[in-house]
Amino acid sequence: MTDSLLAETAAKVFRGLPETGALPGWDRIAESGLCAVMVPEAAGGFGGGWEDALIVFRQIGADAAALPVAETIIANRLLASANIAPGDAPTSFAAQAAGGLTRNGEAFLFTGTLSGVPWGNAAARTVARLEHEGVSRLVAVEQAAASTRAQSANLAGEPRADLSFDGARAEVAPWPAREGHDFAKMGALARTCQISGALDAVLTMTIEHAKTRQQFGRALSQFQAIQQQLAVFASETAAVGAAAAAAARAADRGDASFEIGCAKLRANRAVDVATSVAHQVHGAIGITREHGLHRYTQLLWSWKSEFGNDRHWAARLGTAVAARGADALWSDLVARAGA
């Protein structure tokens, strides 16, 4: 499947999804095969990488799709890499996992807590990374096996959960050698791509509003101050799109920790600028229930805080640069860009 066909498929699948139900339109998502975009062909998937997933992640943001598609794509990639069968059911991952594994014959039992699981109350399985007997392991547990569930939601209403398990049967495999990123970095890359898609959609929405909304007998788009604000918005959107694409390319090459951190920080900072401009141009109508803008801005504000906020990534990047020394910064950037 070419990139253009993948983009066309994602657009068709996400647009017009039903708005009611626990996971509205999931059957349609599963039938499309999008959740297997990073699963090898030998395991029944698309055989793509992060650049292919970028296309789907961006479409999730562009359509403000309230479904655990990004989480399932990442979980399925890891499951397939560990020779554990992925599936069509909604699956999530835990960036924070505490606890341990014990053996019961040939079976593994997990006791512990998986914290801040996106869509944890709706996903059939959750995967996590744990150390066991000195080896990093991929662990998959059924959500139904959780002994307790502390449910919450982000600002946009997307479910989050802390899941506790007490001797729950788990599928366990060595952490795949090819996976150099933990779930926190993979989640940060996915959110960056989703932010990119959402910013594109909000920019288009804001430009169209400025063209049609009249003030003092003129369209808003004819006022120089509005034009300048829209130009700033467009430049922020373009920067995030470029950063997301660069991080996805780097992730396909190998260790992309630096690129992911830069992209997530760039996206986080763009969100505040972009949403401010969008709401200023829209005025009061943008916060009404009937208008779609507030849905996007709530998602953008939520995604910027997940898998590392501004302070987190600024500190991580600053520490990495300081450790290498200021004189190495430019040569390091050139080397990574050239790769």
From A64, A161, grab the single residue that is within 16 Å of the chain's Cα centre (by Cα) and of a type outside the set (S, T, N, Q).
A64
Quick check on this structure: which one of A248, A238, A322, A242 is on the phi < 0 side of the Ramachandran plot, touching a residue at least 40 places away in the same chain (Cβ under 8 Å) and among the small types (G, A, S)?
A248
Residue under question is V273, and the condition is that it be in contact with a Ser or Thr (Cβ under 6 Å, 6 or more places away or on another chain) and open to solvent by less than 70 Å² (accessible area, probe 1.4 Å); does it hold?
no
Would you call T288 modelled with pLDDT of 95 or more and open to solvent by less than 60 Å² (accessible area, probe 1.4 Å)?
no
Residue hits (segment 200-235; without any contact (Cβ under 8 Å) to a residue 12 or more places away in the chain, assigned to a helix (DSSP H, G or I) and either among the charged types (D, E, K, R) or open to solvent by 70 Å² or more (accessible area, probe 1.4 Å) (or both)) are T204, E208, K211, T212, Q222, Q224, Q227, Q228
Those residues of segment 65-81 which are more than 15 Å from W119 (Cβ to Cβ) and either touching a helix residue (DSSP H, G or I) at 6+ places or on another chain (Cβ under 7 Å) or open to solvent by less than 10 Å² (accessible area, probe 1.4 Å) (or both) amount to L78, L79, A80
If you go through segment 143-154 one residue at a time, do you hit one that is within 22 Å of A256 (Cβ to Cβ), more than 15 Å from the chain's Cα centre (by Cα) and basic (K, R)?
no
Select, from G254, G283, G261, G292, the only residue that is of a type outside the set (D, E, K, R) and in contact with a Lys or Arg (Cβ under 7 Å, 6 or more places away or on another chain).
G261
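Return the only residue of Q96, Q59 being among the polar types (S, T, N, Q) and within 18 Å of R137 (Cα to Cα).
When all the criteria are applied, what remains is Q96.
Take A239 and decide whether it is touching a helix residue (DSSP H, G or I) at 6+ places or on another chain (Cβ under 9 Å) and closer than 30 Å to A97 by Cα.
When the stated conditions are applied, A239 does not pass them.
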I'd like to check something: does segment 58-74 contain any residue that is touching a Pro at 6+ places or on another chain (Cβ under 6 Å) and not hydroxyl-bearing (S, T, Y)?
yes
Filtered residues of segment 170-183 (kept if over 16 Å from S115 (Cα atoms), out of contact with any Asp or Glu (no Cβ under 8 Å at 6 or more places or on another chain) and either of a type in the set (K, R) or touching a residue at least 24 places away in the same chain (Cβ under 8 Å) (or both))
A170, E171, V172, A173, P174, W175, P176, R178, E179
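The values are calculated or read from the model by the stated rules, or taken from the named source; none is laboratory data. Computed from a predicted model, the values in this text were never measured in an experiment. Cβ: placed from backbone, ideal geometry, glycine included. Neighbour counts: every protein chain shown. Heavy atoms of the whole protein, side chains included, go into the accessibility calculation; ligands, DNA and RNA do not. Shrake-Rupley method; radii C 1.70, N 1.55, O 1.52, S 1.80 Å.
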